[in-house]
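Okay, structure first, notes after.
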């Protein structure tokens, strides 16, 4: 028989062991806050871009313990300067934080899916942009919403050489819906990056902002811009670029050149021309041509005998009537009207359907 004191002691020991078992379960050692952080970025790229360096990388998918990296709030960008004595791509230099990229407010960078882009414009030590002729080393590290920093990426090293010089002698020859551009390549200079192609840029009255016409650099110093609107002014500039892929190491722009495409398309002829005879004159009216570039109308008059029509008046674009005060009694006239546009020289439409009217001495007979 177990005595009561021994039974109580045994029960207390059992409860203590049970409590310890429930509190620990199958869990491992306690996790130190901040020890589980996003994995390092593995594909950091750096490319020169004028006085800036463009960076691109992919957001890590996992944490260092293999769990999903779901709480990344941004990235810290670190930069170091590689000394001239360094060998290879290794940077035996100290990296300092030069920027913070927040996923919720990515400017001045951008986010496309899991792909992130950021431009180091110097700032701080270099407010006017990064100095040329130096080699820079970059690292990035993810930062969590609790402000724990992940592992830094391997360094991406880039030399910021001088960009190519700007092209010169840009010229443009207009077509009806094309503009043929030619320019002179910049001379090769020591210390400047070699040219790999050219980017063509355009503005116009119908485009809200400048656009890059050539999606990829063109290899030759010539380019034909297609599918333009006739009679519209376009302004072009060109930049020389270095590098094998975007973001390009671009030169300053060439001097711009403007060109007006050749408009060979006339307005449609006016409709519903009517001629009404009155005492000593003939009143003409018509429906306007619908084209926006209609500049005016030309009125022609011939006689019933089939004589050649001659122009008797020019009307403005907003005008839809005219009085011919030179009509002579006793004559039958045939009137036509054309529309012309603002092109130089103007394009004139075919004549409208004719309107015929007879002017007599004592009474007027109107005919069509």
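The numbers here are math on the coordinates, done by the rules we state, and not lab data. Predicted model only: the values in this text are computed from it and were never measured. Because the Cβ atoms are built from the backbone with ideal geometry, glycine has one as well, and the counts that use them run over all protein chains shown.
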Identified option (computed semi-axes √(5λ) of the Cα gyration tensor in Å; candidates (i) 81, 34, 13; (ii) 45, 25, 16; (iii) 35, 22, 19): (i)
Which of 203, 184 comes first, and how do the rest follow, when ranked by fewest Cβ neighbours within 10 Å? 184, 203
List 44, 232, 284 from most exposed to least, where exposure is judged by having the fewest other Cβ atoms within 10 Å. 232, 44, 284
Computed over the range 45-160, the relative contact order (Cα-Cα under 8 Å, seq sep at least six) in percent reads 33
In nm, spacing of pseudo-spin labels at residue 85 and residue 71 (7 Å Cα→C-beta vector): 4.5
Can you tell which of 234, 198, 335 shows the greatest fluctuation in a Gaussian network model of the chain with Cα springs below 10 Å? 335
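What does the extension gain come out to for residue 189 and residue 310, with contour length at 0.36 nm per residue minus their alpha carbon separation? The partial results should precede the final answer.
On the way: separation 121, 0.36 × 121 = 43.56 nm, distance 6.54 nm.
Once the chain is fully extended between residue 189 and residue 310, it gains 37.0 nm.
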In deg cm²/dmol, rounded to 500, what helix-only [θ] at 222 nm does the chain give when every DSSP H run of at least 4 residues adds -39500 (n - 2.57) and the total is split over its residues? -2000 deg cm²/dmol
Over the chain, what is the relative contact order in percent, taking alpha-carbon pairs closer than 8 angstrom and at least six residues apart? 12
FRET efficiency (residue 148, residue 246; Cβ distance; R0 45 Å; to 0.05) is 0.85
Report the calculated FRET efficiency for residue 323 and residue 264 (r = Cβ-Cβ distance, R0 = 41 Å), to the nearest 0.05. 0.80
Between residue 110 and residue 233, the FRET efficiency computed from the C-beta separation at R0 = 45 Å comes out, to the nearest 0.05, as 0.90
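Can you sort 177, 104 from fewest to most other Cβ atoms within 10 Å of each residue's own Cβ?
On the way: 177 18, 104 7.
Fewest to most other Cβ atoms nearby, the residues stand as 104, 177.
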Hey, in the GNM for the chain with a 10 angstrom Cα cutoff, which one of 313, 305, 355 fluctuates hardest? 305
Comparing 282, 218, 200 in a Gaussian network model of the chain (Cα, 10 Å), the one with the largest mean-square fluctuation is 282
